[in-house]
């Protein structure tokens, strides 16, 4: 066991155990977190040596809307620096426990322990630097438009919880400033001669077809390693992410660039992961969340603004544009999949000749598809669609078999809350897609 004094705190020359600490947070120990109790003092090297953080807040200090019941509340907490005002005892303990358990399992199973440490460090930083939403909104430097969007997000969260029936936990009660960066950088990869995604498997959470990085440089280095092995890769900045209920996900400032309909869709999408999550099927997890996000956002906007409002029309236009793009990419996927399935071509020949299929669809997109969008400027980047299977699979991951989800929704008489319950059951079934098909077949009045 290693020993060292907590930084910045006098301990009467006694050394304090620093086992299980993370390099970025040397003052946090598993032992100290286990000992933590609400409002309790923590004498480590003598009763006079108590680490005092006046900015620390505890979930018990917050009401259901994320407001502090006592703005002057003060806590004694076992942290060795004033740098961690937003990290709660419960969340900190959970990060440490998950890191230790996942790390041990990863070492035994051959997974990359370094990635788990990177994720733990990044998640710690998010938890530590998150402030209550009300505090962010009280900042006089916040532009009025952004303040209005945060009020909107609070309404969306309430609707998602009370009407859609999603498990919100304490997510979207906090605010995290990404300082102009995405919340995370996601990496996906695929074989070049087939639509076969590269997958990563981790203890506890299962298999994923993408990884999120808090450091773009690390994502780029991993992408280069995969490219050297012959894979297509794609890295994209995500404005938000979900921990599927493990931690209280904040509202990331990177989301403020979106309009209100898109904001509502993203927030409900991310909250859906708390309720519907499949360990080993990224396509189902993301696609069902996309459907719930889109449908829930439309219903919410209709309820607060009316079906004749500009906001509702904008939400419908966004959905139509996305559906049109999905149809275009589905056709490209079908043509490429048929080409990759040819037995008369070697892998090298398929890789060399696939360019012409991408080129033909690019031209079709410019001439036939782009002029039909409600917001063509937002879709112009697809004119330069790269020759990259990972890019095609990325869109497919979020938009696969949406018609199946819509059939379930209609079979539930347009009751999204009930449909979410069916989706959650499917997620736990072992084969979510088959479960939904069987469920529909058992409905006497299922919509076809």
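The values are calculated or read from the model by the stated rules, or taken from the named source; none is laboratory data. Treat the numbers as computed from the prediction; the structure is a model and nothing was measured. Here Cβ is always computed from backbone atoms with ideal geometry, including for glycine, and neighbour counts include all displayed protein chains.
List of remarks:
- If you filter the range 190-221 down to residues that are out of contact with any strand residue (DSSP E or B) (no Cβ under 6 Å at 6 or more places or on another chain) and not in a loop (DSSP other than H, G, I, E, B), you find that the one that is surrounded by the fewest Cβ atoms within 10 Å (Cβ to Cβ) is 217.
- Checked against (1) closer than 29 Å to residue 209 by Cα; (2) part of a helix (DSSP H, G or I), residue 377 passes all but condition (1).
- Failed condition for residue 185, given (1) more than 17 Å from residue 119 (Cα to Cα); (2) buried (at least 19 other Cβ atoms within 10 Å of the Cβ); (3) at pLDDT 95 or above; (4) touching a strand residue (DSSP E or B) at 6+ places or on another chain (Cβ under 8 Å): (1)
For (1) closer than 21 Å to residue 213 by Cβ; (2) touching a helix residue (DSSP H, G or I) at 6+ places or on another chain (Cβ under 6 Å), each residue gets a yes or a no:
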site	(1), (2)
250	yes, no
254	yes, no
261	no, yes
268	no, yes
273	yes, yes
286	yes, yes
296	no, yes
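- Test: residue 107 is modelled with pLDDT of 95 or more and either touching a helix residue (DSSP H, G or I) at 6+ places or on another chain (Cβ under 6 Å) or within 30 Å of residue 335 (Cα to Cα) (or both): no
- Failed item in (1) within 24 Å of residue 296 (Cα to Cα); (2) over 26 Å from the mean Cα position of the chain (by Cα); (3) modelled with pLDDT of 95 or more, with residue 370 passing the rest: (1)
- Qualifying residue in the range 318-331 (condition: touching a residue at least 12 places away in the same chain (Cβ under 8 Å), more than 27 Å from the chain's Cα centre (by Cα) and part of a helix (DSSP H, G or I)): yes
- Evaluation of residue 277 against (1) closer than 19 Å to residue 409 by Cα; (2) modelled with pLDDT of 95 or more; (3) surrounded by fewer than 21 Cβ atoms within 10 Å (Cβ to Cβ) (one fails), failing number: (2)
- Total residues in the range 383-393, condition at pLDDT 95 or above and assigned to a helix (DSSP H, G or I): 5
- Taken over the range 336-352, the criterion of being surrounded by 15 or more Cβ atoms within 10 Å (Cβ to Cβ) and outside any loop (DSSP other than H, G, I, E, B) is satisfied by 336, 339, 340, 350, 351.
- Count of the range 231-248 residues which are part of a loop (DSSP other than H, G, I, E, B), more than 17 Å from residue 290 (Cβ to Cβ) and in contact with a helix residue (DSSP H, G or I) (Cβ under 9 Å, 6 or more places away or on another chain): 4
- Failed condition for residue 365, given (1) surrounded by 13 or more Cβ atoms within 10 Å (Cβ to Cβ); (2) closer than 25 Å to residue 320 by Cβ; (3) in contact (Cβ under 8 Å) with a residue 40 or more places away in the chain: (3)
Residue-by-condition table, conditions (1) outside any helix (DSSP H, G or I); (2) buried (at least 20 other Cβ atoms within 10 Å of the Cβ); (3) over 17 Å from the mean Cα position of the chain (by Cα):
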position	(1), (2), (3)
126	no, yes, no
139	yes, no, yes
148	no, no, yes
159	no, yes, yes
172	yes, yes, no
